[in-house]
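For reference, the structure discussed in these notes is given below.
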Amino acid sequence: MIDKVLTLLPVCEPEYASGVVGQNYFRSANRTASLRLFEASVEQRSEEGDRVRVAEVAPAIVPVLDNDYNKQALAVVLPEEDGSVRLENQVGWLPDRRCATLQPRVASLMRATNAYVGAAGTASYWWSGRRWDKSNAGLRLRIAQWEDVHRAAIEIVHRAEPDVEQPWVGHYAPLTDLARRLYSEGRGRSEADLLHVRYEILDDALVATANEEIVTDMTRSGRDFFDLLRARVEEQGAVWGWVRLYQGAVEVRTEERP
């Protein structure tokens with residue numbers, strides 16, 4: 001993967017921006033980032049007439065799958081001046097309420113574009129009357145609501161990977177002997193180790209296959225969760241995708257809810 005931020009998520013209006021949380025966990029990185037952003041900031045006046053400096057910023061949004069507190073965590077990382085992204089430069093986290101819908105789309109965008117995904121935002125500094133407080137800049141990101149991000153992500157990944165179904169929404173389907181065997185071997189059990197499959201129609205049944213063996217028959221579930229996926233396969237032929245294996249079911253990952 002190249003280490004530059006080349007794709008930006010859609011942005012909301014400034015008044016709906018989300019503050020970056022947990023900045024106090026990364027004091028050293030925040031101090032370095034704040035000094036750098038302060039140098040690029042422009043002095044303005046607030047509505048109350050106070051002096052304020054504002055810097056435009058586009059940090060990387062990085063999935064952290066091994067986070068003990070939240071498996072869907074998204075780190076906020078300020079890129080280096082050359083655009084490279086390193087977790088040592090993490091300045092905080094996205095609020096948890098944004099992570100469940102954003103993390104799978106960010107991961108798909110990273111895979112499809114071979115680059116990190118960024119978010120537009122601002123860093124603000126207030127004049128205390130004697131000095132600017134450079135170590136506690138207010139960092140706010142302007143990520144749009146998930147429906148807007150979803151539409152943008154579909155457009156980008158379909159352009160980059162037209163034959164791949166993105167693993168955003170999970171629905172359960174029956175196990176097969178192959179799925180049970182793979183599960184017993186420890187395959188496909190986690191977000192970091194989804195099983196790569198091929199969605200196709202065999203004998204009028206919508207199935208997921210691995211190495212030409214059936215992992216699950218989605219038609220047997222008798223539910224409409226997979227109608228959109230079936231319509232896509234019927235229209236353009238077999239597509240690649242991902243499933244997650246559980247002891248009692250196969251979680252089929254699709255792009256959209258029914």
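Miscellaneous remarks
- Heavy-atom SASA rank of Y69, Y25, Y183, Y246 (probe 1.4 Å, accessible area, largest first): Y69, Y25, Y246, Y183
- Enclosing the Cα atoms of the chain in their convex hull gives a volume equal to 137 cubic angstrom per residue.
- Taking the chain as a Gaussian network of alpha-carbon nodes connected by springs under 10 Å, the highest mean-square fluctuation of the residues D68, D133, D227 belongs to D68.
- In the context of the full set of protein chains, the chain has a per residue accessible area of 53 Å² (1.4 Å probe).
- Of the whole protein surface, E13 contributes about 110 Å² of accessible area at a 1.4 Å probe radius.
- Net charge, T101 excluded, C-beta distance under 12 Å - Lys, Arg +1, Asp, Glu -1: +1
- The figure for I214 is an accessible area of roughly 70 square angstrom, using a 1.4 Å probe on the protein chains alone.
- With every protein chain in place and a 1.4 angstrom probe, the accessible-area ranking of T101, T219, largest first, reads T219, T101.
- Helix 27-40 and the longest principal axis of the C-alpha atoms of the chain enclose an angle of approximately 70°.
- Projecting the Cα atoms of T32, A152, I201 onto the dipole axis of the chain, where Lys and Arg carry +1 and Asp and Glu carry -1 at the beta carbon, places T32 farthest toward the positive end.
- Among Q145, Q247, Q23, residue whose mean-square fluctuation peaks in a GNM of the chain (springs only between Cα atoms under 10 Å): Q247
- R86 sits among other residues whose Cβ lies under 15 Å from its own Cβ, and their net charge, with Lys and Arg +1 and Asp and Glu -1, is -3.
- Scaled radius of gyration (Cα, divided by 2.2 N^0.38 Å) that region 54-153 gives: 1.16
- Residues L35 and E191, FRET efficiency given R0 of 30 Å [Cβ-Cβ distance, rounded to 0.05]: 0.25
- Computed log₁₀ I(q)/I(0) - Debye formula, equal Cα scatterers, no solvent, region 140-194, q 0.12, 0.16, 0.24, 0.30 Å⁻¹: -0.49, -0.74, -1.02, -1.17
- Heavy-atom accessible surface of S34, to the nearest 10 Å², is about 10 Å², with a 1.4 Å probe and all protein chains retained.
- Point-charge dipole on Cβ atoms (K/R +1, D/E -1) for region 116-258, about Cα centre, debye to 20: 1200 debye
- Comparing L178, L94, L245 in a Gaussian network model of the chain, where Cα atoms under 10 Å apart are tied by springs, the biggest mean-square fluctuation is seen for L178.
The values are calculated or read from the model by the stated rules, or taken from the named source; none is laboratory data. Keep in mind that what you see is a predicted model, and the values were worked out from it rather than measured. Counting neighbours? That spans all protein chains shown, and the Cβs are built from the backbone with ideal geometry, glycine included. Heavy atoms of the whole protein, side chains included, go into the accessibility calculation; ligands, DNA and RNA do not. Shrake-Rupley method; radii C 1.70, N 1.55, O 1.52, S 1.80 Å.
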